[in-house]
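A short write-up of the structure that comes next.
The values are calculated or read from the model by the stated rules, or taken from the named source; none is laboratory data. Quantities reported herein were computed from a predicted structural model and do not represent experimental measurements. In this analysis, Cβ positions are derived from the backbone assuming ideal geometry, glycine residues included, and neighbour counts consider all displayed protein chains. Protein only, heavy atoms only, side chains kept; ligands, DNA and RNA dropped before computing areas. Shrake-Rupley method; radii C 1.70, N 1.55, O 1.52, S 1.80 Å.
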Amino acid sequence: MWRIDLSARGGADDLALLSPDERARAERLVNAKARARFRSARVALRRLLSGYLRVPPGELALEYGEHGKPRLVSGRGDEGAGEALPFFFNLSHSGGLALCAVGQFGEIGVDIERIRPLSYPGPLARDHLSPEEWRLRSDWETAAARPEFFRIWARKESILKAAGLGLSRPLGRVDTIRGELDGRSWWLMDLFPGEGFTGAVACSRRPKSVRQWSWP
(Lines give C-alpha, C1' and ligand atoms only; values in the text may rest on other atoms or scores of the structure.)
Protein backbone atom coordinates (compact mmCIF):
# COMPACT_ATOMS: atom_id res chain seq x y z
CA MET A 1 0.00 0.00 0.00
CA TRP A 2 1.46 3.35 -1.09
CA ARG A 3 0.51 6.84 0.09
CA ILE A 4 1.36 9.31 -2.69
CA ASP A 5 1.95 13.04 -2.18
CA LEU A 6 0.55 14.70 -5.30
CA SER A 7 2.23 18.03 -4.57
CA ALA A 8 5.52 16.63 -5.88
CA ARG A 9 5.71 17.95 -9.43
CA GLY A 10 7.56 16.07 -12.12
CA GLY A 11 9.27 17.42 -15.18
CA ALA A 12 8.73 16.93 -18.90
CA ASP A 13 10.44 13.54 -18.72
CA ASP A 14 7.82 12.35 -16.23
CA LEU A 15 4.91 13.53 -18.36
CA ALA A 16 6.39 11.72 -21.35
CA LEU A 17 5.77 8.45 -19.47
CA LEU A 18 2.01 8.86 -19.77
CA SER A 19 0.06 7.21 -22.55
CA PRO A 20 -1.90 9.32 -25.08
CA ASP A 21 -5.09 8.19 -23.32
CA GLU A 22 -3.82 9.37 -19.92
CA ARG A 23 -2.75 12.73 -21.33
CA ALA A 24 -6.14 13.15 -23.02
CA ARG A 25 -7.99 12.30 -19.80
CA ALA A 26 -5.97 14.92 -17.95
CA GLU A 27 -6.73 17.55 -20.56
CA ARG A 28 -10.48 16.94 -20.20
CA LEU A 29 -10.32 18.12 -16.58
CA VAL A 30 -11.35 21.76 -16.37
CA ASN A 31 -9.37 22.68 -13.24
CA ALA A 32 -5.62 23.15 -13.66
CA LYS A 33 -4.88 21.80 -10.19
CA ALA A 34 -6.96 18.70 -10.89
CA ARG A 35 -5.06 18.16 -14.16
CA ALA A 36 -1.70 18.40 -12.38
CA ARG A 37 -2.78 16.00 -9.64
CA PHE A 38 -4.15 13.49 -12.14
CA ARG A 39 -0.85 13.51 -14.03
CA SER A 40 1.17 13.20 -10.82
CA ALA A 41 -0.92 10.23 -9.67
CA ARG A 42 -0.52 8.43 -13.00
CA VAL A 43 3.22 9.06 -13.18
CA ALA A 44 3.62 7.72 -9.62
CA LEU A 45 1.51 4.67 -10.51
CA ARG A 46 3.66 3.89 -13.53
CA ARG A 47 6.89 4.30 -11.57
CA LEU A 48 5.62 2.08 -8.75
CA LEU A 49 4.46 -0.66 -11.11
CA SER A 50 7.73 -0.37 -13.00
CA GLY A 51 9.64 -1.09 -9.80
CA TYR A 52 7.61 -4.23 -9.10
CA LEU A 53 7.61 -5.61 -12.65
CA ARG A 54 11.03 -4.44 -13.85
CA VAL A 55 9.47 -2.89 -16.95
CA PRO A 56 10.23 0.72 -17.99
CA PRO A 57 7.31 2.88 -16.78
CA GLY A 58 6.57 4.27 -20.21
CA GLU A 59 6.26 0.75 -21.66
CA LEU A 60 3.60 -0.52 -19.26
CA ALA A 61 0.37 -1.33 -21.09
CA LEU A 62 -2.88 -0.59 -19.28
CA GLU A 63 -6.43 -1.45 -20.28
CA TYR A 64 -9.68 -0.38 -18.67
CA GLY A 65 -12.71 -2.49 -17.86
CA GLU A 66 -16.31 -1.61 -18.65
CA HIS A 67 -16.54 0.58 -15.54
CA GLY A 68 -13.05 2.06 -15.74
CA LYS A 69 -10.97 -0.31 -13.63
CA PRO A 70 -7.39 -0.43 -14.97
CA ARG A 71 -5.42 -3.63 -15.42
CA LEU A 72 -1.98 -4.51 -16.69
CA VAL A 73 -1.81 -6.37 -19.98
CA SER A 74 0.90 -8.09 -21.96
CA GLY A 75 1.78 -7.18 -25.54
CA ARG A 76 -1.21 -6.68 -27.80
CA GLY A 77 -2.06 -8.91 -30.69
CA ASP A 78 -3.34 -7.94 -34.11
CA GLU A 79 -6.85 -7.42 -32.79
CA GLY A 80 -5.70 -5.08 -29.99
CA ALA A 81 -6.61 -7.37 -27.10
CA GLY A 82 -4.02 -7.78 -24.37
CA GLU A 83 -3.69 -10.70 -21.98
CA ALA A 84 -4.25 -9.73 -18.33
CA LEU A 85 -1.19 -10.19 -16.14
CA PRO A 86 -1.47 -11.89 -12.69
CA PHE A 87 -0.66 -8.68 -10.81
CA PHE A 88 -3.35 -6.59 -9.16
CA PHE A 89 -3.43 -2.90 -8.36
CA ASN A 90 -5.78 0.03 -7.89
CA LEU A 91 -5.39 3.78 -7.54
CA SER A 92 -7.49 6.49 -5.91
CA HIS A 93 -6.83 10.18 -5.33
CA SER A 94 -8.59 13.00 -3.51
CA GLY A 95 -7.26 16.47 -2.89
CA GLY A 96 -3.47 16.38 -2.68
CA LEU A 97 -3.13 12.70 -1.75
CA ALA A 98 -3.45 9.38 -3.54
CA LEU A 99 -3.42 5.75 -2.45
CA CYS A 100 -2.12 2.90 -4.58
CA ALA A 101 -2.70 -0.73 -3.58
CA VAL A 102 -0.68 -3.49 -5.22
CA GLY A 103 -0.52 -7.23 -4.69
CA GLN A 104 -0.85 -10.72 -6.09
CA PHE A 105 -3.51 -12.13 -3.77
CA GLY A 106 -6.61 -11.20 -5.77
CA GLU A 107 -8.62 -8.32 -7.14
CA ILE A 108 -7.94 -5.08 -5.24
CA GLY A 109 -9.88 -1.87 -4.80
CA VAL A 110 -8.76 1.21 -2.88
CA ASP A 111 -10.45 4.51 -2.13
CA ILE A 112 -9.38 7.73 -0.43
CA GLU A 113 -11.80 10.44 0.62
CA ARG A 114 -11.11 13.94 1.85
CA ILE A 115 -13.47 14.58 4.77
CA ARG A 116 -15.28 17.48 3.16
CA PRO A 117 -16.96 20.18 5.26
CA LEU A 118 -20.57 19.10 4.84
CA SER A 119 -22.87 20.90 7.26
CA TYR A 120 -24.12 17.42 8.18
CA PRO A 121 -24.16 14.13 6.25
CA GLY A 122 -27.77 13.16 7.03
CA PRO A 123 -29.28 13.44 3.50
CA LEU A 124 -26.39 11.55 1.88
CA ALA A 125 -26.41 8.96 4.65
CA ARG A 126 -30.14 8.33 4.14
CA ASP A 127 -29.61 7.87 0.40
CA HIS A 128 -26.49 5.69 0.44
CA LEU A 129 -26.20 3.75 3.70
CA SER A 130 -27.78 0.36 4.25
CA PRO A 131 -30.33 0.06 7.09
CA GLU A 132 -27.70 -1.71 9.20
CA GLU A 133 -25.13 1.04 8.59
CA TRP A 134 -27.70 3.71 9.41
CA ARG A 135 -28.33 2.06 12.75
CA LEU A 136 -24.63 2.24 13.70
CA ARG A 137 -25.19 5.68 15.20
CA SER A 138 -28.04 8.06 15.97
CA ASP A 139 -26.42 11.38 15.03
CA TRP A 140 -26.16 11.21 11.23
CA GLU A 141 -27.95 14.58 11.12
CA THR A 142 -25.02 16.28 12.89
CA ALA A 143 -21.59 17.42 11.73
CA ALA A 144 -19.99 15.05 14.26
CA ALA A 145 -20.91 12.14 11.96
CA ARG A 146 -18.84 13.40 9.00
CA PRO A 147 -15.69 11.28 9.60
CA GLU A 148 -17.75 8.10 10.04
CA PHE A 149 -19.82 8.82 6.94
CA PHE A 150 -16.75 9.27 4.74
CA ARG A 151 -15.11 6.18 6.30
CA ILE A 152 -18.11 4.06 5.29
CA TRP A 153 -18.20 5.73 1.86
CA ALA A 154 -14.52 4.80 1.29
CA ARG A 155 -15.23 1.20 2.31
CA LYS A 156 -18.13 1.01 -0.15
CA GLU A 157 -16.13 2.43 -3.04
CA SER A 158 -13.16 0.16 -2.34
CA ILE A 159 -15.40 -2.92 -2.62
CA LEU A 160 -17.07 -1.65 -5.80
CA LYS A 161 -13.68 -0.87 -7.34
CA ALA A 162 -12.28 -4.28 -6.39
CA ALA A 163 -15.29 -5.88 -8.08
CA GLY A 164 -14.65 -3.74 -11.19
CA LEU A 165 -18.08 -2.10 -10.92
CA GLY A 166 -17.20 1.51 -10.13
CA LEU A 167 -20.35 3.34 -9.11
CA SER A 168 -22.57 1.24 -11.38
CA ARG A 169 -24.21 -0.32 -8.28
CA PRO A 170 -26.16 1.67 -5.68
CA LEU A 171 -23.95 2.26 -2.66
CA GLY A 172 -26.72 1.02 -0.39
CA ARG A 173 -26.22 -2.51 -1.79
CA VAL A 174 -22.66 -2.62 -0.42
CA ASP A 175 -22.62 -4.02 3.11
CA THR A 176 -19.52 -2.62 4.80
CA ILE A 177 -20.33 -4.27 8.11
CA ARG A 178 -19.94 -7.78 6.70
CA GLY A 179 -17.88 -6.76 3.67
CA GLU A 180 -20.37 -8.07 1.11
CA LEU A 181 -21.70 -7.10 -2.30
CA ASP A 182 -24.37 -9.15 -4.07
CA GLY A 183 -23.66 -12.12 -1.80
CA ARG A 184 -19.88 -12.09 -2.36
CA SER A 185 -17.54 -11.47 0.58
CA TRP A 186 -14.58 -9.09 0.46
CA TRP A 187 -11.70 -8.54 2.88
CA LEU A 188 -11.73 -4.93 4.09
CA MET A 189 -9.26 -2.70 5.92
CA ASP A 190 -9.59 0.94 6.96
CA LEU A 191 -6.75 3.30 6.05
CA PHE A 192 -5.68 6.59 7.62
CA PRO A 193 -3.67 8.42 4.93
CA GLY A 194 -3.48 11.82 6.64
CA GLU A 195 -5.20 14.50 8.66
CA GLY A 196 -8.59 15.24 7.13
CA PHE A 197 -8.62 12.07 4.99
CA THR A 198 -9.92 8.56 5.32
CA GLY A 199 -9.57 5.50 3.11
CA ALA A 200 -10.12 1.80 2.71
CA VAL A 201 -8.78 -1.16 0.74
CA ALA A 202 -10.74 -4.25 -0.32
CA CYS A 203 -9.45 -7.53 -1.71
CA SER A 204 -11.07 -10.71 -2.97
CA ARG A 205 -8.72 -12.69 -0.68
CA ARG A 206 -7.26 -11.89 2.73
CA PRO A 207 -3.60 -10.92 2.21
CA LYS A 208 -0.89 -12.48 4.33
CA SER A 209 0.24 -9.02 5.41
CA VAL A 210 -0.27 -5.34 4.54
CA ARG A 211 2.72 -3.05 4.32
CA GLN A 212 2.43 0.71 3.96
CA TRP A 213 4.93 3.11 2.39
CA SER A 214 5.03 6.72 1.19
CA TRP A 215 5.90 8.01 -2.27
CA PRO A 216 8.15 9.76 -3.14
Legend entry - Alpha-carbon Rg with Dmax, taken over the chain, Å: 17.7, 58
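Could you please state how large a percent of the accessible area of the stretch 131-216 is carbon and sulfur, counting protein chains only and using a 1.4 Å probe? Can you show the working numbers first?
Working: 2300 of 4620 Å².
Within the stretch 131-216, the accessible surface is 50 percent carbon and sulfur.
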Legend entry - Cβ-based charge dipole, the stretch 1-61, positive-most Cα from A34, S50, P20: A34
Legend entry - Over the stretch 100-214, relative contact order from alpha-carbon pairs under 8 Å, at least 6 apart, %: 35
Legend entry - At q = 0.13 Å⁻¹, base-10 log of I(q)/I(0) for the stretch 151-216 (Debye sum, equal scatterers on each alpha carbon): -0.36
Inset, instruction - Provide the FRET efficiency to the nearest 0.05 for the E132-A24 pair, computing r from the beta carbons and using R0 = 35 Å. - result: 0.25
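Treating only the Cβ atoms of Lys and Arg (+1) and Asp and Glu (-1) as charged, compute the dipole magnitude of the stretch 1-159 about its Cα centre; round to the nearest 20 debye.
It comes to approximately 620 debye.
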Inset, instruction - Starting from the Cα-Cα distance between A34 and D182, subtract it from 0.36 nm times their residue separation and give me the gain in nm to one decimal. - result: 49.9 nm
Legend entry - the stretch 25-76: Rg to Rh, with Rh as the Kirkwood radius over Cα pairs: 1.02
Inset, instruction - Return the calculated 222 nm mean residue ellipticity for the chain, to the nearest 500 deg cm²/dmol, obtained by summing -39500 (n - 2.57) across DSSP H runs with n ≥ 4 and dividing by the residue count. - result: -8500 deg cm²/dmol
Legend entry - Gain in span if fully extended, F192 to L53, counting 0.36 nm per residue against the direct Cα distance: 47.3 nm
Legend entry - Relative packing of peptides 169-180, 58-69 - highest average C-beta neighbours within 10 Å first: 169-180, 58-69
Legend entry - Table column - 3J(HN,Hα) (Hz), the stretch 169-179, Karplus curve with 6.51, -1.76, 1.60, x for Gly and Pro: 10, x, 4, x, 7, 8, 9, 7, 6, 9, x
Inset, instruction - Mind checking the per residue accessible area of the stretch 52-177 for me, 1.4 Å probe, whole number of Å²? - result: 49
Inset, instruction - Please tell me the relative contact order of the chain in percent, rounded to the nearest whole number, where contacts are Cα pairs under 8 Å and at least six residues apart. - result: 22
Legend entry - Size of the stretch 65-191 as Cα extents on the principal axes (Å, biggest first): 57, 35, 24
Inset, instruction - At 7 Å along the Cα-to-beta-carbon direction for both A8 and T142, put a label point, then send me their distance in nm to one decimal. - result: 4.1
Inset, instruction - Roll a 1.4 Å probe over the protein heavy atoms and report the accessible area of W213 in Å², nearest 10. - result: 110
